[in-house]
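Following: one structure in C-alpha cells, then a few remarks.
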Amino acid sequence: MASKETTLIIVKPDGVQRGLIGNIISKFENRGLTLVGLKLEVVTKKLAENHYGEHKGKPFYNGLIKYITSGPVVLMAVQGENAVMACRKICGATNPIDAELGTIRGDYALTVSFNIVHSSDSVKSGKAEVKRFFATKELSKYNKIDSSWV
Ligand code: IDP
Ligand code: MG
C-alpha cells in the first residue's frame, strides 16, 4: 500500500561543481514528489562520519568522508507517496556503471567514487537522515496544488 514518506537526497560536491543541481532537482519534481527542505552547505567532518557510520572500516571510507566534505552539497528533504523507494530508483544503482540510463547516476556519472547523489535507503533511515541534516523549522509543511493528481 502507498504511504507518504520523507527521505533525504544529497547532491554531492561533484553534482554541485558540475552544474547539475537544477537537472537533479527536476528529476524529483517531475516525478510528483514534494520538496519540503532545501539548502546548500558544506557538510562538517563530524556530520559526515555520523551519516556514513555504517561504512566505517571499509577501504573506501576515508575517501568517502573526504569527498562528501570537499565542497558545498545541496541537501533536500523530499516527501511523497513511496518517496524512499521512488528516490532510490530515480538515483539508480550505487555504481553508475550498473545504473540504468534515465537515472541520475546512469545519466551523469561514470564511477562509484563520484556518484553524484545520496538517497536514504529505508523509511527508517529517511526519517533519521532528514532529522540529522535539517532543524524542524527548516522544513515546510504544505500541500502542492497537484497533490491530488499524483
Ligand atoms: P548508496 O549511496 O547507493 O546507498 P552505499 O553502499 O550506502 O551506497 O555507499 C555509500 C556511498 O559510498 C556511495 O554512494 C559511494 O559514494 C561510496 N562508495 C560505496 N562503495 C564504494 C566503493 O567501492 N568505492 C568508492 N566509493 C564507494
Ligand atoms: Mg547507502
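The values are calculated or read from the model by the stated rules, or taken from the named source; none is laboratory data. Keep in mind that what you see is a predicted model, and the values were worked out from it rather than measured. Heads up, the Cβs are rebuilt from the backbone with ideal geometry, glycines too, and the neighbour counts pull from every protein chain shown. Remember, those area values only see protein heavy atoms, side chains included, never the ligands or the DNA or RNA. Shrake-Rupley method; radii C 1.70, N 1.55, O 1.52, S 1.80 Å.
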>> Within the stretch 3-17, does at least one residue satisfy the condition of being touching a residue at least 12 places away in the same chain (Cβ under 8 Å) and among the small types (Gly, Ala, Ser)?
In response: yes
> Quick one: how many residues across the stretch 20-63 are hydrophobic (A, V, I, L, M, F, W, C), in a helix (DSSP H, G or I) and open to solvent by less than 20 Å² (accessible area, probe 1.4 Å)?
Replying inline: 3
> Identify, please: which residue in the stretch 80-94 is among the charged types (D, E, K, R) and under 12 Å from the mean Cα position of the chain (by Cα) and is, among those, farthest from ligand 2 (Cβ to nearest atom)?
Replying inline: Lys89
> Name the residues in the stretch 93-138 that are in a loop (DSSP other than H, G, I, E, B) and of a type in the set (A, V, I, L, M, F, W, C), would you?
Replying inline: Ala93, Ala99, Ala109, Leu110, Val112, Ile116, Phe134, Ala135
> What tally of residues in the stretch 86-110 results from selecting those that are of a type in the set (D, E, K, R) and within 11 Å of ligand 1 (Cβ to nearest atom)?
Replying inline: 3
> With Gly63, Gly71 as the choices, which residue is more than 12 Å from the chain's Cα centre (by Cα) and closer than 22 Å to Phe134 by Cβ?
Replying inline: Gly71
>> Being farther than 23 Å from Tyr61 by Cβ and crowded, with 17+ Cβ neighbours inside 10 Å is the filter here; which residues of the stretch 108-129 pass it?
In response: Tyr108
>> Looking only at the stretch 1-19, filter to residues that are among the hydrophobic types (A, V, I, L, M, F, W, C) and exposed (fewer than 11 other Cβ atoms within 10 Å of the Cβ); which one of those is nearest to Cys91 (Cα to Cα)?
In response: Ala2
> Which numbered condition trips up Ala83, out of (1) more than 13 Å from ligand 1 (Cβ to nearest atom); (2) of a type in the set (Gly, Ala, Ser); (3) within 20 Å of Lys4 (Cβ to Cβ); (4) out of contact with any Ser or Thr (no Cβ under 7 Å at 6 or more places or on another chain)?
Replying inline: (4)
> Which one is surrounded by the fewest Cβ atoms within 10 Å (Cβ to Cβ), of the residues in the stretch 78-88 that are within 14 Å of Gly32 (Cα to Cα) and not aliphatic (A, V, I, L, M)?
Replying inline: Glu81
